[in-house]
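Everything below concerns the one structure shown next.
Values quoted throughout were computed directly from the atomic coordinates according to the rules given, and no laboratory measurement underlies them. Predicted model only: the values in this text are computed from it and were never measured. Reconstructed Cβ throughout: ideal geometry from the backbone, glycine too, with neighbour counts over all protein chains shown.
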Amino acid sequence: VSEVIIRDFDHSRDSAALRDCFIELQNYERQFDPGMPEGLTIVEAYLNRMWARCRQWEGQVFVAEVAGQVVGFVCVWARVKPDEPDDNSSEHAFVSDLIVGSTHRRRGIGSQLLSAAECYARACGARSLRIGVLARNGAARRLYTSAGFEEYQVELAKQLG
Ligand SMILES: CC(C)(COP(=O)(O)OP(=O)(O)OC[C@H]1O[C@@H](n2cnc3c(N)ncnc32)[C@H](O)[C@@H]1OP(=O)(O)O)[C@@H](O)C(=O)NCCC(=O)NCCS
């Protein structure tokens, strides 16, 4: 089994792999909500926005590398400002994206990426770390629970025909 390296994203060599990973992530989530757009159609717009928020909120992207190939990534924003008047007014950190390629799952890589995000958030002074997840994404929810996350806000939906 090849060693897993978790390291900072490097624009000069990881851009194509990041793009592929995001497309896989988006297409994976579409199984839970087929109304979501296909990864390929939004990848540029999505990643541009992700990087803009990294600049705004002290974000960082970490990649997981196995045998010289990037097989997953996590994006974490360390200082998200609350945007509603009634929100808790303190800043929090937020994991915006996490994906491990399908051929590399269940080997602890997702946990390692999540730990890297947590470590970074702590080092930036964050007091809490949040993640959004689709309710039907059982694998991701189990990972988050096993890493110590608890439900904070629950959004419900009712289909209206
Ligand atoms: C969620 C995801 C990142 C987990 O990555 P991973 O490398 O497979 O996770 P790990 O091997 O570190 O798993 C850690 C723990 O999470 C839980 N877990 C992960 N995948 C699971 C699955 N398919 N079923 C049940 N539990 C799972 C288990 O508790 C696991 O520990 P164990 O293997 O000792 O039982 C990966 O499944 C993935 O990329 N999924 C598609 C994209 C996605 O859903 N991203 C999250 C969006 S919010």
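Numbers below:
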read-out	value
Inter-probe distance in nm under a simple model that places probes 7 Å from Cα toward Cβ, at residue 55 and residue 156	4.1 nm
For segment 64-80, Karplus couplings with θ = phi - 60° (6.51, -1.76, 1.60), whole Hz, Gly/Pro x	9, 10, 10, 6, x, 10, 6, 10, x, 8, 9, 10, 10, 9, 8, 9, 7
Magnitude of the charge dipole, the chain, Cβ model with Lys/Arg +1 and Asp/Glu -1, debye to 20	300 debye
Per-residue ³J(HN,Hα) for segment 96-111, Karplus 6.51 cos²θ - 1.76 cosθ + 1.60, θ = phi - 60°, Hz, x for Gly and Pro	8, 8, 8, 8, 10, x, 4, 7, 10, 7, 6, 10, x, 6, x, 4
Lys, Arg +1 and Asp, Glu -1 on Cβ, resulting dipole of segment 96-161 about Cα centre, debye, nearest 20	220 debye
Relative contact order of segment 3-103, defined on C-alpha pairs under 8 angstrom at six or more residues apart (%)	28 percent
Under-5 Å amide H pairs with residue 9, H placed in peptide plane, nonlocal only	61, 62, 63
Cβ-derived FRET efficiency at R0 35 Å, residue 2 paired with residue 136, nearest 0.05	0.65
Residue-by-residue Karplus 3J(HN,Hα) for segment 48-56, coefficients 6.51, -1.76, 1.60, Hz, glycine and proline x	4, 5, 4, 5, 4, 5, 4, 5, 6
Where GluC sites (Glu not before Pro) in DSSP loops with at most 12 other Cβ within 10 Å are excluded, longest remaining stretch of the chain	39-149
Residue-averaged [θ]222 nm for the chain, counting only DSSP H segments that reach four residues, each worth -39500 (n - 2.57)	-12500 deg cm²/dmol
In segment 1-96, chymotrypsin sites (Phe, Trp or Tyr not before Pro) in a DSSP loop with at most 16 other beta-carbon atoms within 10 Å	32
Charge sum, other residues only, whose C-beta stays under 12 Å from residue 140's C-beta, Lys/Arg counted +1 and Asp/Glu -1	+2
